[in-house]
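The values are calculated or read from the model by the stated rules, or taken from the named source; none is laboratory data. Values in this document were obtained by computation on a predicted structure and should not be read as measured data. Positions of Cβ are backbone-derived with ideal geometry, glycine not excepted, and every protein chain shown enters the neighbour counts. Heads up: the accessible areas ignore ligands, DNA and RNA and are worked out on the full protein's heavy atoms, side chains in. Shrake-Rupley method; radii C 1.70, N 1.55, O 1.52, S 1.80 Å.
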Amino acid sequence: MIIDAHAHVWPDRIAEIALSANRLPDLNARGDGTVGGLEADMAASGVSVSCCLGIANEARHVDSVNRFVAGLTSETRFGFGTVHVELSAEENVASLRRHAVRAVKIHPLFQGFALDDPRLWEIFEAMGEEFAVITHVGEGGSPEANRLSSPAMIRDIAARFPGLRLMACHFGGYKILDDAEEMLAGADVVLETSWPPSLATLRPERVRDLIRKHGAERIVFGSDWPMTSPAEEIRAIDALGLSDDETKKVLGGTLARVLGIDSPWA
């Protein structure tokens, strides 16, 4: 049962605009950012469940994004809501609970606040063990934006909030994999595999060694749709030379355990 930890969708009427506004340099979208487009790629790739990640770039959009994400949730879609540091911790948690959203996506590049912002840590404190969190880590924007997240910040969050179900995208450091391997070795944090334009651009032996060093029970598959093809990313995982048990954990077993999803691979 393959579960994709990392897909972005928007309402059909704004998907094209949102995708154009959020496009990262040197990356071309492989999908259209709509729910229908995601479902078509899921069917083509064999993905059973996709985590649909909502992001509010401004605080005033938090509740509407959480409402949209809640409406997406189904047997094949797991909605991740949003928070923003310009709202109080209480307001953020209240919005998540109001819409029965059980997980959150944080994206410093687009939201404009750092992972070590004290206001974000107040939100983490209020969330406790109730919500899972997945966050972008590493580069992908301007030099100023890139400084808003780092493997060291993830390490510090994991140490400060040991009960937080924390997942770090891009192996904990997009385009700064050396730093991620050094800073996050042994850290109690789940790492996600997406690496646009494709995981296949990394040496397979390096990815395999990283997974085995960190433990497949702390690795989750993510495609970062619509910026990549889930089918191609699954093939890249299959080509790593992992054992069958390790592959099942990465492709869905670990994430099913983290999110409480019933799965024969959990």
TODO: For the chain, build the charge dipole from Cβ charges (+1 Lys, Arg; -1 Asp, Glu) around the Cα centre, then report which of T193, S243, I55 sits farthest towards its positive end.
DONE: S243
Task: Dipole-positive endmost among A152, L19, V258 within the chain (Cβ charges, Cα centre) - done: V258
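Can you give the charge dipole size of the chain about its Cα centre, rounded to the nearest 20 debye, using +1 on the beta carbon of Lys and Arg and -1 on the beta carbon of Asp and Glu? Please list the in-between numbers first.
Working: 26 positive and 39 negative charges, 43 e Å.
The dipole magnitude comes to about 200 debye.
Leaving ligands, DNA and RNA out of it, rank M153, M167 by accessible area with a 1.4 Å probe, largest first.
M153, M167
With runs of 4+ DSSP H residues as the only contributors, calculate the mean residue ellipticity of the chain at 222 nm using -39,500 (n - 2.57) per run, divided by the residue total and rounded to the nearest 500.
On the way: 13 runs with 106 residues, N = 266.
So the calculated ellipticity at 222 nm is -11000 deg cm²/dmol.
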Open item on the list: Apply the a/c threshold of 1.5 to the C-alpha gyration tensor of the stretch 58-203 and tell me whether it is rounded, prolate or oblate.
Closed with: prolate
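Kindly identify the stretch 61-111 as rounded, prolate or oblate by the Cα gyration tensor criterion: order the square roots of the eigenvalues as a ≥ b ≥ c, call it rounded if a/c is under 1.5, otherwise compare a/b with b/c, prolate if a/b is larger, else oblate. Don't skip to the end; give the middle numbers.
Values: a/c = 2.24, a/b = 1.43, b/c = 1.56.
Because a/c hits 1.5 or more and a/b fails to exceed b/c, the stretch 61-111 counts as oblate.
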Open item on the list: Just to check I understand the Karplus step: with θ = phi - 60° and J = 6.51 cos²θ - 1.76 cosθ + 1.60, what whole-Hz values come out for the stretch 173-185, glycine and proline as x?
Closed with: x, 4, 6, 9, 5, 4, 5, 5, 4, 5, 6, 9, 4
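With a/c under 1.5 counting as rounded, go ahead and sort the stretch 1-98 into rounded, prolate or oblate using the C-alpha gyration tensor (a ≥ b ≥ c being the square roots of the eigenvalues; past the cut-off, prolate if a/b is larger than b/c, else oblate).
Working: a/c = 2.22, a/b = 1.38, b/c = 1.61.
Because a/c hits 1.5 or more and a/b fails to exceed b/c, the stretch 1-98 counts as oblate.
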Task: Sequence-distant residues sharing a close amide H with V104 (under 5 Å, placed H) - done: G81, A132, V133, I134
- [ ] Name the aspartates and glutamates eligible as straight-distance cross-link partners of K248: C-alpha to C-alpha under 12 Å, and not fewer than 8 places from it in the same chain.
- [x] E217, D238
Open item on the list: Let me cross-check R203: its accessible surface, 1.4 Å probe, with only protein heavy atoms counted, in Å² to the nearest 10?
Closed with: 130
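Pulled fully out, how much extra length does the chain show between R212 and D244, if you take 0.36 nm times their separation in residues and subtract their Cα-Cα distance? All intermediate terms of the calculation are to be shown ahead of the outcome.
Working: separation 32, 0.36 × 32 = 11.52 nm, distance 1.31 nm.
So the chain would gain 10.2 nm between R212 and D244.
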Open item on the list: For a quick check of understanding: with a 1.4 angstrom probe and all protein chains in place, what accessible area in square angstrom does K175 have, to the nearest ten?
Closed with: 110
TODO: Using R₀ = 25 Å, calculate the FRET efficiency as 1/(1 + (r/R₀)^6) where r is the Cβ-Cβ separation of A21 and R203; round to 0.05.
DONE: 0.15
Open item on the list: I'd like the FRET efficiency for T76 and E122, computed as 1/(1 + (r/R0)^6) with the beta carbon distance as r and R0 of 22 Å, rounded to 0.05.
Closed with: 0.05
Task: Reachable lysines from K249, criterion Cα separation under 19 angstrom, eight or more residues apart if same chain - done: K213
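Fully extended, how many nm does the chain gain between D188 and E58 (0.36 nm per residue separation, minus their Cα-Cα distance)? Each step should come with its number before you reach the end.
Details: separation 130, 0.36 × 130 = 46.80 nm, distance 3.02 nm.
Additional length available on full extension: 43.8 nm.
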